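First comes the structure, then the notes that go with it.
The values are calculated or read from the model by the stated rules, or taken from the named source; none is laboratory data. The structure displayed is predicted, hence computed values, not measured ones. Reconstructed Cβ throughout: ideal geometry from the backbone, glycine too, with neighbour counts over all protein chains shown.
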Amino acid sequence: MNWEKEVREFLNYLLLEKNYSLNTVESYRRDLLDFLKYFKKQKKTENNVLSVFSSYVAYLSKKGLKPRTIARRVAAFRSFFNFLEREGKAFSIKKKIFYPKLSPSLPSVLSVEEVARLIESVDTSSAHYYRNRAILELLYGSGIRISELVNLNLGQIDFENELLRVFGKGKKERVVPLGKMAVRALRDYLEKERQKFDKKASKALFLNARGSRLTRQGAWKVIKEIGWKAGLRLSPHTLRHSFATHLIEGGADLKSVQEMLGHSDISTTEIYTHIARPYLKKVFDEAHPRKRLKKGES
């Protein structure tokens with residue numbers, strides 16, 4: 001079997017038929033090619049691919065890769081072989097591949113005060129001050145992903161109703177509300193800065209210094225540098241996680257948060273209740289009448 005050819009066909013299937021994002025497809029490509037490199041070194045036949053993959057998982061564990069990373073590679077391999085099976089090119093792998101046990105991990109979030117500090121750390125002397133501030137306000141004010149942010153076009157903002165039309169994973173459309181601070185930051189960016197860089201009559205909302213659409217890598221570099229200035233360690237999704245956690249802490253119901261985040265499965269959203277739990281316990285202790293009874297009362 002020409003494994004590289006089959007991987008290319010699988011990736012095209014993910015991209016064209018499953019509407020996976022380029023970032024996701026690239027992640028699958030790296031994971032699968034890494035295994036194929038390992039497989040070739042073992043000099044085994046195709047019939048031994050499952051046993052080789054089991055040794056590959058053990059090899060990754062010995063290298064010190066995190067269980068979640070290993071599980072992602074197992075998932076990529078399983079998806080690939082399920083694709084080959086549907087195409088009639090390989091045997092079934094059902095119930096023959098195990099997932100490593102994952103320890104629960106919670107996403108890191110910022111406090112409300114840290115979010116404010118982050119936004120106030122935007123360099124006012126920068127030529128992109130209004131754009132950078134709008135990026136932070138929009139990520140925190142709507143909970144959208146960085147990939148969704150850089151793909152926004154001018155026509156997707158409804159200023160009158162303070163709404164944003166977003167195309168998420170699988171090109172699924174959703175409408176999310178915008179906070180007033182995000183709306184104000186976007187207005188400032190459009191009125192005071194964007195036109196200076198719009199050299200190509202671009203429809204993209206966020207532009208780089210050359211007038212082209214800001215890339216995901218470019219946006220992340222901006223956010224990371226502002227975070228460093230504010231003394232905060234950030235991941236690409238920190239503001240998204242903070243948005244969801246603060247909504248739940250404020251009393252938002254899980255279903256509404258799920259819709260705003262664009263999660264297909266509510267179990268993905270439920271993780272934020274674990275982060276908010278200490279805060280909610282504190283609110284309960286302070287507010288519930290059965291917790292406020294003085295000693296001796298009944």
Taking the options S121, S125, S202, S111, name whichever one is of a type in the set (S, T, Y) and touching a helix residue (DSSP H, G or I) at 6+ places or on another chain (Cβ under 7 Å). S121
Selection from region 151-175 of residues that are crowded, with 18+ Cβ neighbours inside 10 Å and under 18 Å from L136 (Cβ atoms): N151, L152, I157, L164, V166
All conditions in (1) closer than 19 Å to I119 by Cα; (2) free of Cβ contacts under 8 Å to residues at least 24 places away in the same chain are true of R165 except (1)
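Hey, could you check region 1-31 for residues that are more than 27 Å from I146 (Cα to Cα) and outside any helix (DSSP H, G or I) and say which is modelled with the highest pLDDT? If you could, list the steps in order and put the result at the bottom.
Taking region 1-31 as the starting set, the residues that turn out to be more than 27 Å from I146 (Cα to Cα) are 1-7, 9.
Within this subset, residues satisfying the condition of being outside any helix (DSSP H, G or I) are 1-2.
On the way: M1: 71, N2: 81.
Among those that are more than 27 Å from I146 (Cα to Cα) and outside any helix (DSSP H, G or I), it is N2.
Taking the residues in region 32-46 that are of a type outside the set (D, E, K, R) and not in a loop (DSSP other than H, G, I, E, B) as candidates, determine which candidate is farthest from A76 (Cα to Cα).
Among residues in region 32-46 that are of a type outside the set (D, E, K, R) and not in a loop (DSSP other than H, G, I, E, B), the one farthest from A76 (Cα to Cα) is Q42.
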I'm trying to understand the selection: among the residues of region 206-245, which are modelled with pLDDT of 90 or more and over 21 Å from V150 (Cα atoms)? W228, K229, A230, G231, L232
